[in-house]
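Undergrad: Structure in structure tokens, see below.
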Amino acid sequence: MVSVVLYSFRRCPYAMRARMALLVSGAAFEIREIKLSAKPPQMIEASPKGTVPVLVLPDGAVIEESLDIMRWALVRHDPERWLDGEDRALIDANDGPFKFHLDRYKYPQRYGSNASHHRAAALDLLTPLETRLCHQPYLCGPTRAFTDAALMPFVRQFAATDPDWFGDQHLPGIQRWLTDQTASPLFGQIMVRLKAWQPA
């Protein structure tokens, strides 16, 4: 019986990167897909903040942040050496200013924001990624690693907000990198549709 439980939501970029690291590590875990409009009380009891992902360990310990879930899994087993490619500065820029502008570009009605302004600001923040990806296949070298998995779900969300516009941007490195990752078997595994979990 699997005793490690991940509360997740398929389209959440934070949950996506947690699922990728857990799968790459080979960890045995149960995914409990939730409905954001009907979060199970078991999840709220474990993590009152009420956001995914949430990892509940066999001893009852709870890991509430996606990057911490990634590290927890990979410290135990890291067959692709993802932890060798953890760039804290790039991840902080993604999770801070890029996510700020991404939200206000994608959901202007929710934030009362100027979508074009925030789209331009987010695009500027992709410049360091494009510079790297024009010279190497992935953000930290020749192979996919921690930073790629941490950032890709957010860049994917940015690209999907207006695919035609994104496709017209001169971002050959990012566009290739994004295509490679979203076409990978790993991404296919994490995006399998699951029914919302219900307690027995």
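Undergrad: Every residue in the stretch 18-64 that is without any contact (Cβ under 8 Å) to a residue 40 or more places away in the chain and either within 22 Å of LEU186 (Cβ to Cβ) or among the aromatic types (Phe, Trp, Tyr) (or both), please. So that I can check it myself, show each step before the final result.
TA: Restricting attention to the stretch 18-64, the residues satisfying the condition of being without any contact (Cβ under 8 Å) to a residue 40 or more places away in the chain are 28-30, 36-37, 39, 41, 43-46, 48-51, 59-64.
Matches in the stretch 18-64: ALA28, PHE29, GLU30, ILE63.
Undergrad: Follow-up. Kindly indicate which of THR182, THR147 is within 27 Å of VAL5 (Cβ to Cβ), touching an Asp or Glu at 6+ places or on another chain (Cβ under 7 Å) and at pLDDT 95 or above.
TA: On the way: THR182 fails: touching an Asp or Glu at 6+ places or on another chain (Cβ under 7 Å).
After applying the criteria, what remains is THR147.
Undergrad: Just checking, which of SER37, SER25 is hydroxyl-bearing (Ser, Thr, Tyr), more than 20 Å from PHE154 (Cα to Cα) and at pLDDT below 95? Steps first, please.
TA: Working: SER25 fails: at pLDDT below 95.
Answer to the check: SER37.
Undergrad: To continue, here is another question. Among the residues of the stretch 166-184, what is the count of those that are assigned to a helix (DSSP H, G or I) and without any contact (Cβ under 8 Å) to a residue 24 or more places away in the chain?
TA: First, pick out the residues of the stretch 166-184 that are assigned to a helix (DSSP H, G or I): 166-168, 172-182.
From the residues that got through so far, the ones that are without any contact (Cβ under 8 Å) to a residue 24 or more places away in the chain too are 166-168, 175, 179.
Of the residues in that region, 5 qualify.
Undergrad: Still on this structure, please answer the following. When you scan the stretch 145-161, do you find a residue that is assigned to a helix (DSSP H, G or I), of a type in the set (D, E, K, R) and more than 19 Å from the chain's Cα centre (by Cα), even just one? Spell out the reasoning first.
TA: Going through the stretch 145-161, the residues assigned to a helix (DSSP H, G or I) turn out to be 146-161.
Still in the running and of a type in the set (D, E, K, R): 148, 156.
Adding the requirement that they be more than 19 Å from the chain's Cα centre (by Cα) leaves none.
No - not one qualifying residue is present in the stretch 145-161.
Undergrad: Does THR127 satisfy being within 29 Å of ALA27 (Cβ to Cβ), of a type in the set (Ser, Thr, Tyr) and surrounded by fewer than 19 Cβ atoms within 10 Å (Cβ to Cβ)?
TA: On the way: within 29 Å of ALA27 (Cβ to Cβ): no; of a type in the set (Ser, Thr, Tyr): yes; surrounded by fewer than 19 Cβ atoms within 10 Å (Cβ to Cβ): yes.
When the stated conditions are applied, THR127 does not pass them.
Undergrad: Where residues in the stretch 72-124 are without any contact (Cβ under 8 Å) to a residue 24 or more places away in the chain and not assigned by TED's automatic domain parsing to the domain that holds ALA160, which of them is surrounded by the most Cβ atoms within 10 Å (Cβ to Cβ)?
TA: TRP72
Undergrad: Among the residues of the stretch 131-145, is there at least one that is basic (Lys, Arg), closer than 20 Å to LEU67 by Cα and crowded, with 18+ Cβ neighbours inside 10 Å?
TA: Step one: of the stretch 131-145, the residues basic (Lys, Arg) are 132, 144.
Then keep just the ones that are closer than 20 Å to LEU67 by Cα; that gives 144.
Right, trim to crowded, with 18+ Cβ neighbours inside 10 Å and you get 144.
Yes, that holds for at least one residue.
Undergrad: Quick check on the stretch 1-22: of everything there that is among the small types (Gly, Ala, Ser) and part of a helix (DSSP H, G or I), which residue is farthest from LYS106 (Cα to Cα)?
TA: Selected residue: ALA21.
Undergrad: Kindly indicate whether GLU45 is loosely packed, with under 15 Cβ neighbours inside 10 Å and in contact with a strand residue (DSSP E or B) (Cβ under 6 Å, 6 or more places away or on another chain).
TA: Numbers: loosely packed, with under 15 Cβ neighbours inside 10 Å: yes; in contact with a strand residue (DSSP E or B) (Cβ under 6 Å, 6 or more places away or on another chain): no.
Here the answer is no, as GLU45 does not meet what is asked.
Undergrad: As an exercise: evaluate GLY50 against (1) crowded, with 20+ Cβ neighbours inside 10 Å; (2) closer than 24 Å to ARG193 by Cβ and give the number of the one condition it does not meet.
TA: For GLY50, the exception is condition (1).
Undergrad: Shifting gears a bit: So which residues in the stretch 23-47 are more than 17 Å from LEU194 (Cβ to Cβ) and either in a helix (DSSP H, G or I) or in contact with a His (Cβ under 6 Å, 6 or more places away or on another chain) (or both), if there are any at all?
TA: Keep residues of the stretch 23-47 that are more than 17 Å from LEU194 (Cβ to Cβ), which gives 24-27, 41, 44-47.
Across the stretch 23-47, the qualifying residues are VAL24, SER25, GLY26, PRO41, ILE44, GLU45, ALA46.
The values are calculated or read from the model by the stated rules, or taken from the named source; none is laboratory data. As the structure is a computational prediction, the values presented were derived from the model and not from experiment. Cβ: placed from backbone, ideal geometry, glycine included. Neighbour counts: every protein chain shown.
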